[in-house]
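Note sheet for the following structure.
The values are calculated or read from the model by the stated rules, or taken from the named source; none is laboratory data. No experiment lies behind these values; they were computed from the predicted model shown. Glycine gets a Cβ as well: all are built from the backbone with ideal geometry, and neighbour counts include every protein chain shown. Just so you know, the surface numbers come from the protein's heavy atoms only, side chains and all, with ligands and any DNA or RNA stripped out. Shrake-Rupley method; radii C 1.70, N 1.55, O 1.52, S 1.80 Å.
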Amino acid sequence: MRPPLPRLHAITDERIARRPDLDLIATALAMGGGTELAFHARGHTLTGLEQFELAGRLAVRAPGRLFVNDRLDVALALPTAGVQLGHGSLPVSAARALNPLWWIGKSVHDLAEAEAARTEGADYLVVGPIFATASHPGRTALGLQRLTAIAAAVDGLPVIAIGGITADRVREVRNSGAYGVAAIRALWDDVEPAEAARRMREWML
């Protein structure tokens, strides 16, 4: 039986993956996030070896749990709690066949994509961007009203809100139907990452 889906998701990108203080920050985030923290090994332009090495460094930061984005080969090679699939990834059914105990999520950007992912059999959705974000400067923010509509339409499927999420916005996102939140800069770039993770975790509960 798999443990509950974490509510706080610390996402990496290429910049984070190559930071010299990655291990220190990851340890601090794990301390603050506890069992509610999921590390996402992600980096669209990373090589397979680079993503494998990144995921391996995150996998040992207990009690945080490892999720791998897109690269199912990397996920199979490490103790992975879940995978997140995006546009162009293998279907949910293919990931499920590899490991039925994985949490399998889909990244979606509107109601139609959310409903399609639910029909496909995803266990959770990463929905965004909710607010404007430097990570996706050309993408229009969904806003809280659309987040509420998506959360209501997917009939209890956990929704992880992403995009411009800060500690100060966690409560309003939670009150708009989100099960959890995901962030890059608000966690990895905070001067006190353990405290940032603790605040976001506590405000989601």
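Rounded to the nearest whole Hz, the Karplus-based 3J(HN,Hα) values (6.51 cos²θ - 1.76 cosθ + 1.60, θ = phi - 60°) of segment 156-164 follow the sequence x, 5, x, 10, 9, 7, 9, x, x, with x at glycine and proline. As a length-normalised measure over Cα pairs under 8 Å and 6 or more apart, the relative contact order of the chain settles at 21 percent.
Label reach from residue 53 (point 7 Å along Cα→C-beta): in segment 1-41, amide nitrogens under 20 Å belong to 12-27, 40-41.
Rounded is the label for the chain, because a/c, from the alpha-carbon gyration tensor with a ≥ b ≥ c as root eigenvalues, stays below 1.5.
Judged by the ratio a/c of the largest to the smallest principal axis of the C-alpha gyration tensor, segment 125-205 counts as oblate, that ratio being 1.5 or greater while a/b is no larger than b/c.
What is the percent carbon and sulfur in the accessible area of the chain, measuring with a 1.4 Å probe over the protein chains and ignoring ligands?
56
Note on segment 74-148: Cα-only Rg and Dmax are 13.6, 40 Å.
Taking the alpha-carbon centroid of each part, what is the distance from segment 127-161 to segment 1-52 in angstrom? Here the two parts' Cα centres lie 21 Å apart.
With a 1.4 Å probe and every protein chain left in place, work out the accessible area per residue of the chain in Å², rounded to a whole number.
Each residue of the chain exposes 45 Å² on average to a 1.4 Å probe.
Let a ≥ b ≥ c be the square roots of the eigenvalues of the Cα gyration tensor of segment 1-94; is it rounded (a/c under 1.5), or, if not, prolate (a/b larger than b/c) or oblate? Cα axes put segment 1-94 in the oblate bin.
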